[in-house]
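*Asks:* Questions regarding the structure given below will be posed in turn.
Where a number appears in this text, it was derived from the coordinates with a stated rule and is not lab data. Because the structure is predicted, anything quoted here is derived from the model rather than measured. Counting neighbours? That spans all protein chains shown, and the Cβs are built from the backbone with ideal geometry, glycine included.
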Amino acid sequence: MSEDIEARRVLRAIALFKLAKSALLVLVAAGAFELTRAGALAAFISRLHHLPLAEGHHVLQQALAPLASLTLGEVELAGALALGYAVLFGIEGVGLWRGRRWAEYLTTIATASLIPLELWALFDSPTLLRGLAVLVNIGILACLIVMLSRQRRRREDVRA
């Protein structure tokens, strides 16, 4: 019984993480779509160029450089992708919160499918944030696999 309570707590923690990611991605999508308004992208890029970035802020300059070269189409695509992932993470989060088994499977499959992309991004351009994201998602995947395998064994034990 306590194992079920612990599993529920873990699923709720993962659900909150997924819902937080969903909310953040909705904000990113809203910002991206706001930049697609006439002149907004050019004004944003102009503001980026005028930020008082001192020589000692090399990391910040590197982080902002790709933003300055975005096209309107790339901003729209980024907004659409962010919104799509927000929907996926929202569905996962609500399903996990409500204790739905399908959500456990969906989250397992979605998380497992994104880890190779996250690893590619980490090795292509390593950052602490990317490294943490990979570790968190591998941890989530491991927890879900363990929980699903325990549930499967319990169902098989009941049938036997």
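*Asks:* In degrees, nearest 10, range 0 to 90: what is the angle between the Cα axis of helix 58-68 and the longest Cα principal axis of the chain?
*Replies:* On a 0 to 90 degree scale, this one is about 80.
*Asks:* Mind putting a number on the dipole of the chain about its Cα centre? Charges go on the C-beta only, +1 for Lys and Arg and -1 for Asp and Glu, and I need it in Debye to the nearest 20. Present the calculation step by step, with values, prior to reporting the outcome.
*Replies:* Numbers: 17 positive and 13 negative charges, 167 e Å.
Charge dipole of the chain: 800 debye, to the nearest 20.
*Asks:* Let me ask something additional. In whole angstrom, how far apart do the alpha carbon centroids of the range 84-160 and the range 27-46 sit?
*Replies:* 32
*Asks:* Per residue, what volume in Å³ does the Cα convex hull of the range 71-160 take up?
*Replies:* Numbers: hull volume 9.6 nm³, N = 90.
In the range 71-160, the Cα convex hull volume per residue is 106 Å³.
*Asks:* Measure nothing fancy, just the Cα-based angle from helix 40-49's long axis to the longest principal axis of the chain, in degrees from 0 to 90, nearest 10.
*Replies:* So the inclination is approximately 80 degrees.
*Asks:* Related question: The range 2-52: D in µm²/s via Stokes-Einstein (Kirkwood Rh, Cα pairs, 10 °C, 1.306 mPa s)?
*Replies:* Values: Rh = 13.9 Å.
My calculation gives 114 µm²/s for D.
*Asks:* Something else about it: Students often get this wrong, so try it: which of (1) 14.6, 45; (2) 16.4, 56; (3) 20.0, 70 is Rg and Dmax of the Cα atoms in Å as calculated from the structure shown?
*Replies:* The listed entry that was calculated here is (3).
*Asks:* Rounded to the nearest 500, what is the 222 nm mean residue ellipticity of the chain from helices alone, with -39500 (n - 2.57) per DSSP H run of 4+ residues and division by all residues? List each step's numbers first, then the result.
*Replies:* Numbers: 6 runs with 137 residues, N = 160.
Calculated mean residue ellipticity at 222 nm is -30000 deg cm²/dmol.
*Asks:* So how tilted is helix 101-124 from the main axis of the chain? Cα-based, degrees 0 to 90, rounded to 10.
*Replies:* Long axis of 101-124 versus the principal axis of the chain: about 40 degrees.
*Asks:* Defining a contact as two alpha carbons under 8 Å apart and six or more residues distant in sequence, what relative contact order in percent does the chain show?
*Replies:* On the way: 108 pairs, mean separation 46.7, N = 160.
This gives 29 percent for the chain.
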